[in-house]
Amino acid sequence: MSVTCANCGEADLPVRRYHVYLTTDEVVEVDLCEGCRHKFVTATWVEAVV
């Protein structure tokens, strides 16, 4: 079973599950490829991605 990136929909890249801590004090758990993880890390509305 392949996992798809929740942001870009890519299924051919390695994907990992991350906890994304938002500036609104919410935490979401999403599957992201490395490129999208970097986009989330640098987004102004994100506090942390772990």
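The values are calculated or read from the model by the stated rules, or taken from the named source; none is laboratory data. Computed from a predicted model, the values in this text were never measured in an experiment. Because the Cβ atoms are built from the backbone with ideal geometry, glycine has one as well, and the counts that use them run over all protein chains shown. To get the accessible areas, we keep the full protein, side chains included, count just its heavy atoms, and leave off ligands, DNA and RNA. Shrake-Rupley method; radii C 1.70, N 1.55, O 1.52, S 1.80 Å.
Exactly which GluC sites (Glu not before Pro) in the stretch 19-50 are in a DSSP loop and have at most 13 other Cβ atoms within 10 Å?
Qualifying residues, ordered by number: E26.
Before I look further, what does the chain give for accessible area per residue, probe 1.4 Å, in whole square angstrom?
Roughly 72 Å² per residue, with all protein chains present.
Amide H of A6 versus every other amide H placed in the peptide plane: which residues, excluding those fewer than 5 positions away on the same chain, fall under 5 Å?
Amide H neighbours of A6: D31, L32, C33.
Taking all protein chains in place and a 1.4 Å probe, what share, in percent, of the accessible surface of the chain do carbon and sulfur account for?
51
By how many nm would the segment from E34 to R16 lengthen if fully extended, with 0.36 nm per residue of separation less the alpha-carbon distance?
Stretched out fully, the E34 to R16 stretch lengthens by 5.7 nm.
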